[in-house]
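Taking it in order: structure first as structure tokens, then the write-up.
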Amino acid sequence: MIPSDAVLPPTPTLPHQGGGSLILPPVIGHRGAAGHAPENTPASFRAAAALGCRMVEFDVRLSADGVPVVFHDDTLERCTGATGPVKARGLAELQRLGVATLAEVLALCLELGLAVNIEIKPDRGDERATAAAALEVAAGAWPSDRPPPLVSSFSRVALATARQVAPAWPRGLLVGGLPADWRQAAEALGCVAIHADHRRLGAATIARIAAAGLAVLAYTVNDPGRAAVLWRRGVAAVFSDRPGRISAAQNTM
């Protein structure tokens, strides 16, 4: 239950070069709606849309043959009946395991009217290649009259590559806790947001990030009360496996 004195943040518009505005909703579906359907699958994105989500986040990595696919882990065990690294399997094998391509997911999100946060999730040594391949696919698939994708990554190399390939699209630096050089890194990479573990986001940290002119996004928040605290402290949006629960709670305020 959200406290009666909770206040949602002003709906922020992320600055970027050209294209339509990306207006952040307070709740972003994490890997679609991972608490309702298998994560990063078409079913999960459809569930997110059915729950009223306006934006979803998902992870992109490369198959053995260099095709961007939507999958979080670097290995297959947790989410499929197979074993071994994702990057060791070709696209045909991954599709038989139910793994969707980035192109398929983008087409579905456009059909469902969902804005997207593309997280670049490269294997070690593949940071540049993963970002370049993913952004080239996305740039070809995403209409210029739609709100641009938000591109995020823990990898600074991936974000630097994203800036080169799709300079007009907004970027977010993913962190666990806030590193000492967060401000310099965000500036060097042209980031407009910091995406941080909500458990590491105290009021002072949120205030520091916001004072630097950056939006604060928090992952992964499944408790409405915690979401309310974060919003009240200035967090722009929370990622949630159960976006319906968080969004519905807003209506009780």
Whichever residue in the stretch 43-86 is more than 29 Å from Ala236 (Cα to Cα) and among the hydroxyl-bearing types (Ser, Thr, Tyr) and, among such residues, is farthest from the chain's Cα centre (by Cα): Thr83
Is there a residue being under 24 Å from Ala34 (Cβ atoms) and either in contact with an Asp or Glu (Cβ under 7 Å, 6 or more places away or on another chain) or of a type in the set (D, E, K, R) (or both) anywhere in the stretch 199-214? yes
Identify the residue in the stretch 98-122 that is surrounded by fewer than 16 Cβ atoms within 10 Å (Cβ to Cβ) and free of Cβ contacts under 8 Å to residues at least 40 places away in the same chain and, among all such residues, is farthest from Val27 (Cα to Cα). Ala107
Somewhere in the stretch 163-180, is a residue assigned to a helix (DSSP H, G or I), surrounded by fewer than 17 Cβ atoms within 10 Å (Cβ to Cβ), out of contact with any Ser or Thr (no Cβ under 7 Å at 6 or more places or on another chain) and polar (S, T, N, Q)? yes
Given the condition closer than 25 Å to Phe239 by Cα and not acidic (Asp, Glu), answer yes or no: does some residue in the stretch 87-95 qualify? no
Please indicate, with yes or no, whether at least one residue in the stretch 37-60 is more than 18 Å from Ala134 (Cα to Cα), part of a loop (DSSP other than H, G, I, E, B) and without any contact (Cβ under 8 Å) to a residue 40 or more places away in the chain. yes
Based on this model, can you work out whether Leu150 counts as within 21 Å of Val69 (Cα to Cα), surrounded by 13 or more Cβ atoms within 10 Å (Cβ to Cβ) and either at pLDDT below 95 or in contact with a Lys or Arg (Cβ under 7 Å, 6 or more places away or on another chain) (or both)? no
Give the residue that is farthest from Arg89 (Cα to Cα), with candidates limited to residues of the stretch 26-74 that are surrounded by fewer than 24 Cβ atoms within 10 Å (Cβ to Cβ) and of a type in the set (Ser, Thr, Tyr). Thr41
Among Gly125, Gly81, the single one that is in a loop (DSSP other than H, G, I, E, B) and free of Cβ contacts under 8 Å to residues at least 12 places away in the same chain is Gly125
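Is it the case that the stretch 90-100 has a residue that's of a type outside the set (Asp, Glu), within 21 Å of Val151 (Cα to Cα) and in contact with a strand residue (DSSP E or B) (Cβ under 6 Å, 6 or more places away or on another chain)? Spell out how you get there, then give the answer.
Within the stretch 90-100, the subset of a type outside the set (Asp, Glu) is 90-92, 94-100.
Then drop every residue that is not within 21 Å of Val151 (Cα to Cα), which leaves 99-100.
Now drop any that are not in contact with a strand residue (DSSP E or B) (Cβ under 6 Å, 6 or more places away or on another chain), which leaves 99-100.
Among the residues of the stretch 90-100, at least one is of a type outside the set (Asp, Glu), within 21 Å of Val151 (Cα to Cα) and in contact with a strand residue (DSSP E or B) (Cβ under 6 Å, 6 or more places away or on another chain), which makes the answer yes.
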Residue that is exposed (fewer than 15 other Cβ atoms within 10 Å of the Cβ) and either part of a strand (DSSP E or B) or at negative phi (or both), where the choices are Ala207, Ala196: Ala207
Condition check for Ala249: at pLDDT below 95, over 29 Å from Arg163 (Cα atoms) and in a helix (DSSP H, G or I): yes
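The values are calculated or read from the model by the stated rules, or taken from the named source; none is laboratory data. Predicted, not measured: the structure shown is a model, and the values here were computed from it. Backbone-built Cβ (ideal geometry, glycine too); neighbour counts: all protein chains shown.
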